[in-house]
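The values are calculated or read from the model by the stated rules, or taken from the named source; none is laboratory data. Source: prediction; values computed, not measured. Cβ sites come from the backbone with ideal geometry, for glycine too, and all protein chains shown count toward neighbours. SASA here: full protein model, heavy atoms, side chains in, ligands and nucleic acids out. Shrake-Rupley method; radii C 1.70, N 1.55, O 1.52, S 1.80 Å.
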Amino acid sequence: MSHPRFTGKHEQREHETKVAAAEFYRLHRVPEQIERALNELLLQQPADLHGYLANYFTNLSAPPRISRLKGREVYDTRGQLSIEVEVFCIVCNTEKSMCSAAVSSHFGLKETSLDWKATCQERADHVMTAVQWVNEPLNNMLQGQDPCDQSEVDHALSNFFMARYLEEKDIRDREKEESPSPSEPEEVISSAPPTQTKEKKSLDKAKKNSTAEKPFPPAEPPEPVLPGSMAIGSVSLAVARTGAQLQGIPLYKYIATLKARETPAQFHIPIALVTLLSCGKASPGKLSLLEEVILIPKAGQRVKQIITMALELQKEMMRIMNTSTKSGAVQTILHDSGAPAGSFERPEQPLDLITEACANLGLTLGTEIHLAVNCATCELMDYSKGKYEIATGVFKSPDELVDMYQSLIRKYPAVVAFINPFRREDTDQWEKLSNQIGDTCSLLLDITHESKAPPPPGVSGNILKHVHEKTVSDLICIASQRQGSVLMGATCSEPCTNDSLSDIAVGLGLDYVKLGGLSGAERMTKYNRLGCIEEELAQQGILVSKEKHSPPLFAGKLQKESTAADRALSDEA
């Protein structure tokens, strides 16, 4: 038999608990919500009662918040160190891993540096710093943030990066002031490409050489790549993918909504530009000028049609190259771009090869397909001679290059675009070439790396890659300010399984996207994703074939528009 005193205390505690529970439920309106849920359940009478109730209360739950970020070292498609960022969120009182992402770690001229040990060590330092940024300051900074507020997240990321950038710049400036001999040659900062040192020494030699053929503008000092910067772009993309997942929409629709502030009623698929050949420095032949020869398919073709045509064309090109060798050995290697690199000595040879292959397949160059040529001249300047080494032992001055490009256009009218035909500094040649061939051939400039200088005259389009500190908001801003003149491109050191580039290009409403060659899982993943988006839009009835300008690419774009956009971007920076 229980003692009366203990029984009274137990009943009192039980009563207090019930009163506290009633007050808690009343304060949070729990009875009303349960009653409303039961009424809806009776009205709907779903087959899965508990699933319906789970969804009902999930919609009433608190908005997801970022709980933590996790950065880890991974390897890219070239076996080089990179970083991947994973976003965790609190969803319905439970922490969940949402999405992970990585951006390319492209270091420009460093990618071809002969001092590979120093380059690898520098890359390792960049990645280690990026991982530290993600796991410590960025993790603390973004905890509790709304993952669907991309603008706020990117603003915080950009402010963080700018603070680190200014700190680094202040350190470099102090080191220059404390230099013992101001007359000594200025040292290249640690994050500048190693080849830039050689270029500067060669330039100094050229200045002393009174027999130099013609003075030319010195190379613009490269904007240093701040160690850790790839953490910014990776976090931004991972958060964007998280926001899209939480809202239950594809990434391309999420980005399109961010850009237009509402979901567009219709979408179009950017024309996929396919790299057919590589003839750059890494190719087995002497030719260095044509880094890439790129297929531009006719507008209106589906992604699968483009891939099928490009594969057939490449197979025919390989057959011709193999049968033309006396020994019968294959004279090609596979370049990092995913395209075959042939053994060529003159710029006409790869274009002749493509012309022959098209004729054999019944494809009409200049009608069904056009070509673009990525010249990548920034890596070819010999500063001791003031000329570009377009092939081993073959040098051309900037003015001679103008004449050569004109000759190529006359012989191969299917070429409708030159990418980076000169250095940025050769402004006279950019303008001269544009005046002479601008009606039939566009001049495109790679704007992946920031430059304080205005764009050269004659530029009609820009190639942009998602690397380093560029946030999703930055990409939206650039695409908006350069409306109709931006082409998204992939790098040679892409993350292994990231297909976000295709979603970004569609979401930004771009006319063209350059995804590389047709070899390698990292590239085919992007092509497959582009095809999936196309099928999805067609099934939903919101796919449209946007009217494209006839060649050249980005025809009708005024130079003053591009210059105004560059000034606006410079002011924002």
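For this structure, a couple of remarks:
- For the range 251-305, the solvent-accessible area with a 1.4 angstrom probe is 38 square angstrom per residue.
- Mean sequence separation of contacting Cα pairs (under 8 Å, at least six apart), scaled by the length of the range 270-414, corresponds to a relative contact order of 30 percent.
- Extending 7 Å from the Cα toward the beta-carbon at both residue 453 and residue 334 defines two label points whose distance is 3.8 nm.
- Built from the Cα atoms of the range 312-420, the convex hull projects on average onto 7.8 nm², one quarter of its surface area.
- Heavy-atom SASA rank of 392, 427, 275 (probe 1.4 Å, accessible area, largest first): 392, 427, 275
- The residue 320 and residue 140 beta-carbon pair, evaluated with R₀ = 60 Å, returns a calculated FRET efficiency of approximately 0.50.
- Loop-located trypsin sites (Lys or Arg not before Pro) in the range 422-524 whose Cβ has at most 16 other Cβ within 10 Å (DSSP): 452
- List 471, 257, 308, ordered by accessible area with a 1.4 Å probe, largest first: 308, 257, 471
- Amide H contacts of residue 99 (H built 1.01 Å from N, in plane; Pro and chain starts excluded): 87 sit under 5 Å, all sequence-distant by 5 or more or on other chains.
- Just the protein heavy atoms count here, and of the accessible area of the range 436-500 at 1.4 Å, carbon and sulfur take up 52 percent.
- With R₀ fixed at 51 Å, the C-beta to C-beta distance from residue 173 to residue 97 puts the FRET efficiency at about 0.75.
- Extending 7 Å from Cα along the Cβ direction at residue 521 and again at residue 49 yields two label points whose distance is 4.7 nm.
- Projected label points at residue 545 and residue 220, each 7 Å from Cα along the beta carbon direction, are separated by 3.9 nanometres.
- Packing around the peptides 263-270, 413-420, 443-450, taken as the average count of other Cβ atoms within 10 Å per residue, puts them in this order, highest first: 413-420, 443-450, 263-270.
- Of the trypsin sites (Lys or Arg not before Pro) in the range 217-300, the ones in a loop by DSSP (not H, G, I, E or B) with at most 11 other beta carbons within 10 Å are 261.
- Each peptide among 161-167, 334-340, 63-69, 11-17 gets the average number of other Cβ atoms lying within 10 Å of its residues, and from highest to lowest they stand as 334-340, 63-69, 161-167, 11-17.
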